[in-house]
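Structure first, then comments.
The values are calculated or read from the model by the stated rules, or taken from the named source; none is laboratory data. Owing to the predicted nature of the structure, the values given are computational and were not obtained by experimental measurement. Here the Cβ is made from the backbone with ideal geometry for all residues, glycine too, and neighbour counts use every protein chain on show.
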Ligand SMILES: Nc1ncnc2c1ncn2[C@@H]1O[C@H](COP(=O)(O)OP(=O)(O)OP(=O)(O)O)[C@@H](O)[C@H]1O
Ligand SMILES: C[C@@](O)(CCO)CC(=O)[O-]
């Protein structure tokens with residue numbers, strides 16, 4: 001048995017802001033994927049994954065008892081498959097901000113949910129919100145709190161634009177120019193991040209009036225502008241505005257940036273070779289980079305591994 005593939009995602013813009021109603025833009029990232037699978041001779045990884053699925057299945061049983069109107073599953077098949085060794089065979093790194101738990105949630109919903117909303121039907125805003133809500137509750141098992149956006153992105157495999165908490169839509173993004181000099185890339189911090197403590201720090205900071213003002217007048221403002229620039233293919237403005245965003249993040253989200261990356265973050269701003277921003281909640285995992293000139297960014301960051309995700 002091997003199920004369909006579910007992909008990783010990248011939240012290009014909107015981390016933290018979407019908690020406070022900024023815009024957000026998430027795109028599928030097809031470099032990594034995962035699928036439900038059974039194997040005769042499971043590896044240690046498969047055994048660990050199977051164990052995690054076992055607890056997830058118990059959680060889903062409680063969820064559907066508590067909220068039968070939200071979602072129900074074919075629990076008998078799910079439990080039976082878990083008993084007979086099913087696991088999530090995935091190349092998506094965990095704790096890296098690219099949605100490993102989201103892909104898993106999408107795969108389980110796809111295989112076991114009753115009356116599921118499918119990708120093929122007309123996806124009205126109501127249906128999208130309903131799906132996001134289901135995914136949010138399912139993914140809470142892994143996160144503590146989840147917006148449900150990662151599984152939604154993985155399930156639909158199309159870019160999603162968040163206009164505000166209750167207003168989301170699927171969207172197109174400008175076609176990549178494969179020989180373009182400009183690029184969006186991932187920088188591997190080499191550190192595994194954890195989402196929950198980062199969100200606690202953010203929530204704590206929100207108690208401060210100055211932080212709230214900075215968020216509204218700078219962070220959310222530039223996030224929203226960057227999304228508009230990106231969707232309209234205005235890459236010149238995008239680069240200028242990611243520079244502003246990069247500065248705001250370095251000055252105000254330091255706990256989310258691993259210490260050893262503070263200097264190269266600043267170096268990008270000083271040299272204009274690249275601009276860095278958070279990829280998801282930060283604290284490790286990937287850091288997102290934007291550059292007008294990929295070769296220059298590569299030379300400037302020669303000690304690091306870059307993965308290009310989009311060229312323009
Ligand atoms: N292949 C897998 N098999 C079983 N469980 C998995 C698998 N991949 C991820 N998970 C579960 O998802 C958890 C990781 O989710 P977490 O939300 O912390 O990180 P992430 O989804 O990789 O990052 P982010 O949410 O920031 O994009 C793991 O601890 C594990 O419980
Ligand atoms: C940090 C956050 O905004 C994005 C993490 O990918 C949390 C969330 O909205 O679920």
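Output the residue which, of all residues in region 77-120 that are in contact with a strand residue (DSSP E or B) (Cβ under 7 Å, 6 or more places away or on another chain) and in a helix (DSSP H, G or I), is nearest to ligand 1 (Cβ to nearest atom). Here the answer is 100. Those helices (runs of 4 or more DSSP H) of region 124-240 in which 2 or more residues are away from ligand 1 (no atom under 16 Å from the Cβ) occupy 125-143, 195-205, 209-214, 220-231. Residue 259 falls short on exactly one of the conditions (1) farther than 19 Å from residue 22 by Cβ; (2) in contact with a helix residue (DSSP H, G or I) (Cβ under 9 Å, 6 or more places away or on another chain), and that condition is (2). Looking across region 1-29 at every residue that is in contact with a strand residue (DSSP E or B) (Cβ under 9 Å, 6 or more places away or on another chain) and assigned to a helix (DSSP H, G or I), the one that is nearest to ligand 1 (Cβ to nearest atom) is identified as 18.
To keep it simple, each residue is scored yes or no on (1) farther than 25 Å from residue 244 by Cβ; (2) assigned by TED's automatic domain parsing to the domain that holds residue 124.
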position: 141; (1), (2): yes, yes
position: 149; (1), (2): no, yes
position: 152; (1), (2): yes, yes
position: 155; (1), (2): yes, yes
position: 158; (1), (2): yes, yes
position: 161; (1), (2): no, yes
position: 196; (1), (2): yes, no
position: 199; (1), (2): no, no
position: 217; (1), (2): no, no
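Looking at 22, 49, just one residue is within 30 Å of residue 309 (Cα to Cα), at pLDDT below 95 and surrounded by 15 or more Cβ atoms within 10 Å (Cβ to Cβ), and that residue is 22.
So that you can scan it fast, the table gives a plain yes or no per residue for (1) away from ligand 2 (no atom under 16 Å from the Cβ); (2) in contact (Cβ under 8 Å) with a residue 24 or more places away in the chain:
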residue: 185; (1), (2): yes, yes
residue: 193; (1), (2): no, yes
residue: 211; (1), (2): no, yes
residue: 221; (1), (2): yes, no
residue: 230; (1), (2): yes, yes
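If you go through region 30-54 and keep only what is in a helix (DSSP H, G or I) and either in contact (Cβ under 8 Å) with a residue 60 or more places away in the chain or in contact with a helix residue (DSSP H, G or I) (Cβ under 7 Å, 6 or more places away or on another chain) (or both), you end up with 50, 53, 54.
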